[in-house]
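Shown next, in structure tokens, is the structure this report addresses.
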């Protein structure tokens with residue numbers, strides 16, 4: 001029987017060999033970067049301490065070599081989580097963005113406030129230092145023309161695309177804050193909450209509807225939980241480094257039991273006891289409107305890819321502004 005690592009490596013190899021025959025978008029490499037980042041066609045707003053020529057240099061460099069450098073980082077450590085940093089980069093981008101509030105335009109990816117201890121020490125952000133440290137050499141290489149907030153967001157885009165997901169339209173223009181402007185803790189979703197209205201309230205604060213909420217949670221096809229970080233443990237799918245609609249198919253096709261252990265409440269699949277679902281995940285099957293979209297995405301991966309790409313791009317860009325912060 002194949003080990004989890006062997007299965008992951010075989011799956012990745014097969015995916016890359018068959019990429020041209022599948023309904024997937026191009027991965028991020030220098031030769032396709034203009035197609036991969038179609039909205040990076042004009043200079044971003046001027047940043048504090050930067051010039052318009054510096055912004056142009058940023059685009060020229062990062063539209064090609066920089067994106068390829070990010071892609072190469074994903075498989076740089078075979079001993080890290082199923083041999084890929086992709087999932088943790090996707091998580092960093094989303095957690096940096098998921099504090100946004102549409103009502104007053106606070107929070108979000110603009111500012112890169114997770115650089116400050118106030119936000120980096122939130123329990124919801126446990127483990128993300130791994131991703132921030134991974135990207136630090138690229139930040140040092142490009143300097144002021146590349147903000148942390150742009151770097152973290154494009155890291156998530158590269159993570160999705162390199163792991164077989166859809167092309168994400170990415171916008172530059174985020175400005176790093178020089179002061180700790182962290183919003184209040186509690187804006188990121190609490191995975192222990194099992195009531196559908198809670199999820200609606202959290203994602204609704206960001207401006208997302210039910211369909212977009214369900215599409216965004218499909219990113220749980222990637223990665224795994226760690227008991228020493230979130231308290232939860234295990235992967236959602238059997239191929240945690242492949243972006244797919246497997247999160248939805250598992251939700252519907254597997255039988256789920258509450259896991260008997262000393263950790264927080266989570267669910268495990270009855271058949272193998274090797275997969276997990278969070279309480280917030282299970283709420284998707286118990287709400288009529290949520291389950292409608294779970295079923296649609298389980299049956300139509302292309303539809304899921306399109307809807308996820310639109311919602312993820314929107315979430316990463318919501319707080320972009322030209323004002324100094």
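The values are calculated or read from the model by the stated rules, or taken from the named source; none is laboratory data. As the structure is a computational prediction, the values presented were derived from the model and not from experiment. Because the Cβ atoms are built from the backbone with ideal geometry, glycine has one as well, and the counts that use them run over all protein chains shown.
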Could you tell me whether segment 148-162 includes any residue that is over 17 Å from residue 317 (Cβ atoms) and assigned to a helix (DSSP H, G or I)? yes
Does segment 286-302 contain at least one residue that is modelled with pLDDT of 95 or more, surrounded by 19 or more Cβ atoms within 10 Å (Cβ to Cβ) and either not in a helix (DSSP H, G or I) or not assigned by TED's automatic domain parsing to the domain that holds residue 210 (or both)? no
Subset of segment 133-147, residues modelled with pLDDT of 95 or more and either part of a loop (DSSP other than H, G, I, E, B) or surrounded by 15 or more Cβ atoms within 10 Å (Cβ to Cβ) (or both), comes to 134, 135
Here are 88, 130: which of them is surrounded by fewer than 20 Cβ atoms within 10 Å (Cβ to Cβ), outside any loop (DSSP other than H, G, I, E, B) and within 15 Å of the chain's Cα centre (by Cα)? 130
Using the structure shown, decide if residue 156 is touching a helix residue (DSSP H, G or I) at 6+ places or on another chain (Cβ under 9 Å), on the phi > 0 side of the Ramachandran plot and at pLDDT 95 or above. no
Of 275, 222, which residue is touching a helix residue (DSSP H, G or I) at 6+ places or on another chain (Cβ under 6 Å), within 26 Å of residue 162 (Cβ to Cβ) and in contact (Cβ under 8 Å) with a residue 24 or more places away in the chain? 222
Please indicate, with yes or no, whether at least one residue in segment 90-97 is modelled with pLDDT under 95 and under 30 Å from residue 302 (Cβ atoms). no
Among the numbered criteria (1) over 22 Å from residue 158 (Cβ atoms); (2) crowded, with 21+ Cβ neighbours inside 10 Å; (3) within 19 Å of the chain's Cα centre (by Cα), which one does residue 217 miss? (1)
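Listed here are the residues, each with its yes/no results for (1) outside the structural domain of residue 300 (by TED's automatic domain parsing); (2) crowded, with 21+ Cβ neighbours inside 10 Å.
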{"site": "175", "(1), (2)": "yes, yes"}
{"site": "207", "(1), (2)": "no, no"}
{"site": "221", "(1), (2)": "no, yes"}
{"site": "229", "(1), (2)": "no, no"}
{"site": "239", "(1), (2)": "no, yes"}
{"site": "247", "(1), (2)": "no, yes"}
Condition check: farther than 13 Å from residue 181 by Cβ and at pLDDT below 95. Does residue 121 satisfy that? no
